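To start, the structure under review is shown below, and the notes come after it.
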Amino acid sequence: MRLNVSLQLKVPGNVGHSTISQKLPDFEYGGRIIRFASPSLVDVSYVYDGNLLSVHGKFAAELISECARCSETFNEPLSFEFHEQFKREVSEDELGELYPYSGDTIDIDAMLHDNILLNLPISSICQENCLGKCPQCGCNLNNTQCSCAPQEEAPKTDGDTYYPFAGLMDLLTDNEEEV
Ligand SMILES: [Zn+2]
Ligand SMILES: [Zn+2]
């Protein structure tokens, strides 16, 4: 995404405004691929103070995320506000804080990428009550009901004989004791 800032550079204090809807290309960061399910909506204002070009606005898009519990992919909304500054000549010390530009346009992709990464959820869950995967057979418990026994209650065995209701019997015994 590029913004034409020629007017702002000529007239410091003049506030430019653009609304851009564009699908950003997927990008990779630290082994994770950020994939977009929808066009990104960027509502951005920019003003020049004679030295720095301040750029701020709102970003909204849907990402294709993988659920941390069930591993299914789903569309995850992501939105945030950004406030950044661009400078024509950026020294090495300033690179962490300022974005360089040249000519009469600024390319905001790198700035958006940085802000997307800053605003990514720590862990993505497809739905609040996602049941995740069965730890034994690996099926998705949201749409399959497998017959694996819950892991925290290991089947009670007596030699080779398996009593499927052993847990229930314990429960009944406990209740009787309480009476
Ligand atoms: Zn899930
Ligand atoms: Zn299972």
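The values are calculated or read from the model by the stated rules, or taken from the named source; none is laboratory data. The model shown is predicted, which means the values in this text are computed figures rather than measured ones. Note: ideal-geometry Cβ built from the backbone for every residue, glycine included; neighbour counts use all protein chains shown. Only protein heavy atoms, including side chains, enter the accessible area calculation; ligands, DNA and RNA are left aside. Shrake-Rupley method; radii C 1.70, N 1.55, O 1.52, S 1.80 Å.
Residues in the stretch 61-81 that are farther than 28 Å from Leu141 by Cα and open to solvent by less than 40 Å² (accessible area, probe 1.4 Å) were compared, and the one that is farthest from ligand 2 (Cβ to nearest atom) is Phe80.
The sole residue among Gly103, Gly50 that is among the small types (Gly, Ala, Ser), surrounded by fewer than 14 Cβ atoms within 10 Å (Cβ to Cβ) and closer than 27 Å to Lys23 by Cα is Gly103.
Does the stretch 129-144 contain at least one residue that is modelled with pLDDT under 85 and either open to solvent by 70 Å² or more (accessible area, probe 1.4 Å) or within 16 Å of ligand 1 (Cβ to nearest atom) (or both)? No: the stretch 129-144 contains no residue that is modelled with pLDDT under 85 and either open to solvent by 70 Å² or more (accessible area, probe 1.4 Å) or within 16 Å of ligand 1 (Cβ to nearest atom) (or both). Among the residues of the stretch 108-131, those identified as assigned to a loop (DSSP other than H, G, I, E, B) and among the aliphatic types (A, V, I, L, M) are Ile108, Leu120, Ile122, Ile125, Leu131. Within the stretch 77-90, is even one residue within 16 Å of ligand 1 (Cβ to nearest atom) and out of contact with any helix residue (DSSP H, G or I) (no Cβ under 6 Å at 6 or more places or on another chain)? Yes, the conditions are met somewhere in the stretch 77-90.
Against the numbered list (1) assigned to a loop (DSSP other than H, G, I, E, B); (2) under 30 Å from Asn142 (Cβ atoms), Pro25 comes up short only at (2).
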